[in-house]
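Remarks on the structure that follows.
The values are calculated or read from the model by the stated rules, or taken from the named source; none is laboratory data. In this text, all values refer to a predicted model and were calculated from it rather than measured experimentally. Note: ideal-geometry Cβ built from the backbone for every residue, glycine included; neighbour counts use all protein chains shown.
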Amino acid sequence: MPLVAVLGGSGFLGGHLAAALAGSPWRVRVLTRRRGHAQSLWLLPHVDILEADVHDPGQLAAGLEGCGAVVNLIGILNERRDDGRGFRRAHVELATTLVAACRATGVRRLVQVSSLAAAPDAPSHYLRTKGQAEQVLRAADDLDVTILRPSVVFGPGDSFFNRFAGLLRLAPALPLAGADARFQPVYVGDVAAAIIRALDDPATSGHTYDLGGPETWTLREIVDYTAGLLGVTRLILPLGGALSRLQAELCEFVPGKPFSRDNLRSLGVPSVCGAHPGFDALDITPRSIRAIVPAYLGGRAERRRYDDLRRGARR
Ligand SMILES: NC(=O)c1ccc[n+]([C@@H]2O[C@H](COP(=O)([O-])OP(=O)(O)OC[C@H]3O[C@@H](n4cnc5c(N)ncnc54)[C@H](OP(=O)(O)O)[C@@H]3O)[C@@H](O)[C@H]2O)c1
């Protein structure tokens, strides 16, 4: 059975990918900083967990030993300071270490999950370093690299709809920075399917794919839709440039940084599909927010809708 190493496999996308690989020919080796971070995967029979510091060349190479492919899901949205060092380490330096480890172990197949709108000259540390990591990997033309660039990803366990739902449940009003920011939200199951397609189809190597869902939404529309699903009426206050910056400044000091200056800079770039081929080229039909989100976020309003439908059907 072929073995795939998944860096960052303990996270949101990693969990869905591991589940999607059950029953496939692939066995999975998840590399994690702490075994406990991958607790949700412990019982999956096709998944092994390996503790490793992926920034250490020797440990990373040991983690890739015997693998036929590697998927890199490691990414951070925030760093301790705001000087780009944390982002460079997690994205660019890791890409360089990963290329070296692939060469040392003879692993040629590499699938990188980047981000839509990532570019070496993007205005945020996040998008810029993701773009620079793409450059590092494209330059490794002795490896078979596929780069996938999703927009914001939704699905059970996401930190997008679930985060807004948490805020909307608590607060009577929501001041919203970057309310006009545009996204093409993409279902996590479809991103997992794209990764598996890339693993299985050698024709995808050397290519980059933009992964966006079927619709473009503004952040304001997403928050309104979430409130509707929860059945709550809230005052949504779109913030202008100066107030958005103030909110980002203040959130820098909140434990866990729920929002940051860098996040605000990222919101300034539309996260919509661009020049690269997308799901069409992978023969995958992406699912919509309306088809998926009510099932895991549906609140009173959604239950009422089902009750009405049931009553209508006299059941
Ligand atoms: N979720 C989205 O909306 C979205 C959108 C576009 C692109 N992406 C990209 O898709 C990938 C997966 O996203 P995700 O939402 O699944 O992320 P996630 O839930 O935050 O998981 C990322 C994993 O990376 C590991 N990690 C984090 N910081 C690290 C560090 N400094 N050094 C080493 N490992 C570190 C963690 O694993 P351990 O703690 O186990 O070591 C973590 O479980 C990321 O590259 C992300 O940038 C995500």
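Tabulated results
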| read-out | value |
| --- | --- |
| Enumeration of residues in the stretch 247-289 that are charged (D, E, K, R), away from the ligand (no atom under 14 Å from the Cβ) and more than 22 Å from Val188 (Cβ to Cβ) | Glu249, Glu252, Arg261, Arg265 |
| Qualifying position, being surrounded by fewer than 19 Cβ atoms within 10 Å (Cβ to Cβ) and in contact with a Phe, Trp or Tyr (Cβ under 7 Å, 6 or more places away or on another chain), among Pro45, Pro25, Pro2 | Pro2 |
| Residue in the stretch 146-153 that is under 21 Å from the mean Cα position of the chain (by Cα) and either at pLDDT below 95 or not in a strand (DSSP E or B) (or both) present | yes |
| Residue under evaluation Ser159, criteria (1) within 16 Å of the ligand (Cβ to nearest atom); (2) surrounded by 16 or more Cβ atoms within 10 Å (Cβ to Cβ), criterion not met | (2) |
| Residue selected from the stretch 111-142 under the condition under 17 Å from the mean Cα position of the chain (by Cα) and of a type in the set (A, V, I, L, M, F, W, C), by the criterion surrounded by the most Cβ atoms within 10 Å (Cβ to Cβ) | Ala133 |
| Close pairs (7 angstrom Cβ cut-off, 6 or more residues apart or separate chains): of a type in the set (Ser, Thr, Tyr) in the stretch 86-106, away from the ligand (no atom under 11 Å from the Cβ) and in a helix (DSSP H, G or I) anywhere | Thr96/Val136; Thr97/Pro57; Thr105/Ala61; Thr105/Leu64 |
| Conditions (1) among the hydrophobic types (A, V, I, L, M, F, W, C); (2) within 11 Å of the ligand (Cβ to nearest atom); (3) part of a loop (DSSP other than H, G, I, E, B); (4) out of contact with any Gly (no Cβ under 9 Å at 6 or more places or on another chain): number failed by Ala117 | (4) |
| Residues located in the stretch 15-49, provided they are within 19 Å of Leu98 (Cα to Cα) and touching a helix residue (DSSP H, G or I) at 6+ places or on another chain (Cβ under 8 Å) | Val28, Arg29, Val30, Leu31, Thr32, Ile49 |
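Rundown of residues vs (1) of a type outside the set (Ser, Thr, Tyr); (2) in contact with an Asp or Glu (Cβ under 6 Å, 6 or more places away or on another chain); (3) away from the ligand (no atom under 15 Å from the Cβ), yes/no style:
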residue: Met1; (1), (2), (3): yes, no, yes
residue: Ser24; (1), (2), (3): no, no, yes
residue: Leu41; (1), (2), (3): yes, no, no
residue: Asn72; (1), (2), (3): yes, no, no
residue: Glu93; (1), (2), (3): yes, no, no
residue: Ala101; (1), (2), (3): yes, no, no
residue: Ala104; (1), (2), (3): yes, no, yes
